[in-house]
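Each value in this text was obtained by applying a stated rule to the coordinates, not by laboratory testing. Remember, it's a predicted structure, so these values are computed and weren't measured experimentally. Note that each Cβ is placed from the backbone with ideal geometry, even for glycine, and that neighbours are counted across all protein chains shown.
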Amino acid sequence: MNCPICGSKKARQIRTPYHYAASGLDNVYLLGVPYMRCSSCDDDIVVIPHEQQLLDLIAVDLVRPRISEVPS
């Protein structure tokens with residue numbers, strides 16, 4: 001595959017969990033999102049469908065209290 005960043009033919013598709021650094025959090029990984037990694041420019045290329053909805057869900061999850069945190 002050609003890398004859309006540098007044009008190299010050294011990009012390959014990856015299917016491991018993708019570290020979603022754009023979320024601003026260190027511990028957010030996306031499962032089932034294929035992406036490309038270029039060994040020439042060392043960049044990851046990912047297309048995240050419905051990215052705004054994903055960010056909204058992450059925000060809701062951050063502010064929702066956990067069952068163990070709810071006072072009884």
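Taking the dipole about the Cα centre of the chain, with the C-beta of Lys and Arg at +1 and of Asp and Glu at -1, give me whichever of Leu30, Pro4, His19 is farthest to the positive side.
Value: Pro4.
Placing +1 at every Lys and Arg Cβ and -1 at every Asp and Glu Cβ, with all other atoms neutral, what dipole size does the stretch 11-69 have around its Cα centre, in debye to the nearest 20?
220 debye
Given H placed on each backbone N at 1.01 Å, which residues far from Val28 in sequence or on other chains put an amide H within less than 5 Å of it?
Result for Val28 returns Tyr20.
Using a Gaussian network model on the chain with a 10 Å cutoff between Cα atoms, which of Val33, Val46, Val60 fluctuates the most?
So, out of Val33, Val46, Val60, the one fluctuating most is Val60.
Rounded to the nearest 500, what is the 222 nm mean residue ellipticity of the chain from helices alone, with -39500 (n - 2.57) per DSSP H run of 4+ residues and division by all residues?
One gets -5500 deg cm²/dmol as the mean residue ellipticity at 222 nm.
What residue among Pro17, Pro34, Pro49 has the largest mean-square fluctuation in a Gaussian network model of the chain, using Cα springs under 10 Å?
Of Pro17, Pro34, Pro49, the Gaussian network model singles out Pro49 as fluctuating most.
Once phi is turned into θ = phi - 60°, what whole-Hz ³J(HN,Hα) does the Karplus curve with 6.51, -1.76 and 1.60 give for every residue of the stretch 45-52, x standing for Gly and Pro?
3J(HN,Hα) across the stretch 45-52, in whole Hz: 10, 9, 10, 10, x, 6, 4, 5.
Relative contact order, percent, of the chain when contacts are C-alpha pairs under 8 Å separated by at least 6 residues?
It comes to 24 percent, rounded to a whole number.
Shape of the stretch 11-69 from its Cα gyration tensor (a ≥ b ≥ c, root eigenvalues): rounded if a/c is under 1.5, otherwise prolate when a/b > b/c, or oblate?
prolate
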